[in-house]
1. Beyond a 19 Å Cα-Cα separation, which of these cross-linked pairs lie in this structure: Lys4/Lys96; Lys9/Lys46; Lys51/Lys96; Lys51/Lys140; Lys140/Lys240?
2. Where in region 1-95 are there GluC sites (Glu not before Pro) that are in a DSSP coil and have at most 10 other Cβ atoms within 10 angstrom of their Cβ?
3. Compute the Cα gyration tensor for region 167-221, then decide on rounded, prolate or oblate, letting a ≥ b ≥ c be the square roots of its eigenvalues: rounded whenever a/c is under 1.5, prolate when a/b is larger than b/c in the other cases, and oblate in all that remain.
4. Taking amide hydrogens as modeled 1.01 Å from N in the peptide plane, which residues meet the under 5 Å criterion relative to Ile194, leaving out close sequence neighbours?
5. When the Debye formula is applied to the Cα atoms of region 4-99, each taken as the same point scatterer, what base-10 log of I(q)/I(0) results at q = 0.15, 0.23, 0.25 Å⁻¹?
6. Can you give the three extents of the C-alpha atoms in region 130-242 along their principal axes, from longest to shortest, in whole Å?
7. When Tyr47, Tyr212 are ordered from fewest to most other Cβ atoms inside 10 Å of their Cβ, what list results?
8. If we count other beta carbons within 10 Å of each Cβ, what is the order of Val148, Val52, fewest first?
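Just so you know, all these numbers are worked out from the coordinates, no wet-lab data involved. Everything numeric here is computed off the predicted structure, so don't read it as measured data. Note: ideal-geometry Cβ built from the backbone for every residue, glycine included; neighbour counts use all protein chains shown.
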Amino acid sequence: MLRKQELAKSVGDLLGVREREEWFSGGSKVTADFQRDIGPKVGVAKYGPTKVQHMRAILESVGVPWRADRHSSEETENPGGNVTREAYEDLLEALKAADSEPAVVAGGMMSSGDGPRDVFVQRAIRLRRGQAQFRAQLMKAYDGACAVTGSTAHAVLEAAHIVPFAEGGPTDPSNGLLLRSDIHTLFDLRLISIDTRDWSLLVHASLTRTEYWAMRGAAVARPRRNQAAPDERLVDAHRKRSGL
């Protein structure tokens, strides 16, 4: 059975984060510095407010449901609770599972070495489901249907950030779209974007020989309520960065 420090080291190795001396203290404790370093790699850019709450955000970002009875423990000297060894174990297992499963993009399989962005962006795409509250807001705003395909299969609908959360994008409906998982992946990879002049779908030429090419020009749905609508400036910036 691996100790907490060994599990943390393995998580860092898997995410490509170099181990620092500040990660560990007191022989067996893992410090908040570890969480601060790995958080952005799984879409949790901001630390806090406590180590337990931050670990909860990290676990949920990789698809591990938070279990207070398993993932935290109260201590007399630390009334706010402590992160358990099992929390690090579950985090490592979730990352290993995601790393062993290639992403499905454009009708084919994508390995971790393919694509226009760095390795972990692709890994994070497979991990994330979108923060729960953010997703709930978008599910309501879009009436539970993908903005591009109209799919109402809730199990595959995800909260997509227009400006990535890891780059400081807010978890606000104005920075979001409700997208089917494969469409979300392509959006994050900037292989599709949106023309806000008529709210139509733009598709990268590299997808010419895929089923997604037929979607170009498709109408992209927007929420009926203006306060839940995506910010056109953010969408335009995404299109510009996509080169579409």
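1. Lys9/Lys46; Lys51/Lys96; Lys51/Lys140; Lys140/Lys240
2. Passing both the DSSP loop test and the Cβ count: Glu77.
3. prolate
4. Leu202, Arg239
5. The computed values of log10 I(q)/I(0) come out as -0.51, -1.33, -1.61.
6. The Cα atoms of region 130-242 stretch 36, 28, 26 Å along the principal axes, largest first.
7. Lowest to highest Cβ neighbour count: Tyr47, Tyr212.
8. Val52, Val148
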